[in-house]
Amino acid sequence: MEEKRSPSYPHHVPIRIVLADDQYLVREGLRRLLETREDLEVASACTDLDSLLAAVEAEQPDVVVTDIRMPPGNMDEGIQAATRLRETNPEVGVVVLSQYAVPAYVLALLEGGSERRAYLLKERVDDLDQLVAAIHAVADGGSVFDPKVVEALVAENARSEESPLNELT
């Protein structure tokens, strides 16, 4: 029987990860960085939405680390994956690595709640520890959102005429 991770125990069982990014250098660079950590195990690295979903079924990871835009449509496949996983594998955490602080993407990611979800901007991840902390947070049921993403959400909300923020004095 395979040993499962539990937040109440020390992290002696590595967090299993499935990576997804269509850019070879980004994907393989992330894989090699994450493999330097004893507390993490990269189970699979994928290039598109279909291979990501298949890898999740085959590997049963604790966390998916994914880009937003990948084949087949190069639109919001990372968000689509997170939405599907919320239904099919709700125990799997998702860390979205993006170049885009687009409120629509963030709101779509949060549609089923913030539990086990993270949204980080690639250019603002300063070191491996920051990414690893987000992976641990979502594996343990928490959430992490880049402050710039939160600012974009607040700004978008404030622009809406019906926003409760407009009533503040």
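Given a Förster distance of 30 angstrom, what is the FRET efficiency for Glu38 paired with Arg124, based on the Cβ-Cβ distance and rounded to 0.05? Let's see the in-between values first.
On the way: r = 26 Å, r/R0 = 0.86.
Working from the Cβ atoms, E equals 0.70.
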Residue among Val64, Val13, Val94 with the largest mean-square fluctuation in a Gaussian network model of the chain, springs linking Cα atoms under 10 Å: Val13
For the chain, the fraction of alpha-carbon pairs in successive 5 Å shells from zero, as %: 2, 9, 18, 22, 20, 14, 7, 4, 3, 1, 0, 0
Asn74 versus Glu57: modelled label distance in nm, points set 7 Å from Cα along the beta carbon direction: 2.7 nm
Ranked by how many other beta carbons lie within 10 Å on average, peptides 101-111, 46-56 from highest: 46-56, 101-111
Per residue, in Å², the accessible surface of the stretch 85-129 once ligands and nucleic acids are set aside, probe 1.4 Å: 48 Å²
Long-range HN-HN contacts of Leu121 with modeled amide H, under 5 Å: Ser98, Asp146
For the stretch 84-137: rounded, prolate or oblate by the Cα gyration tensor [a/c cutoff 1.5]: oblate
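Provide the packing ranking of 34-40, 57-63, i.e. peptides ordered by the mean count of other C-beta atoms within 10 Å per residue, highest first.
Working: 34-40: 15.3, 57-63: 17.7.
Ranking, from highest mean packing down: 57-63, 34-40.
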C-alpha long axis of helix 49-59 to longest principal axis of the chain, angle in °: 50 degrees
Computed [θ] at 222 nm, helices only, for the chain once each DSSP H run of length n ≥ 4 contributes -39500 (n - 2.57): -12000 deg cm²/dmol
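The values are calculated or read from the model by the stated rules, or taken from the named source; none is laboratory data. As the structure is a computational prediction, the values presented were derived from the model and not from experiment. Glycine gets a Cβ as well: all are built from the backbone with ideal geometry, and neighbour counts include every protein chain shown. Accessible surface is based on the protein model in full, side chains and every heavy atom, while ligands, DNA and RNA are left aside. Shrake-Rupley method; radii C 1.70, N 1.55, O 1.52, S 1.80 Å.
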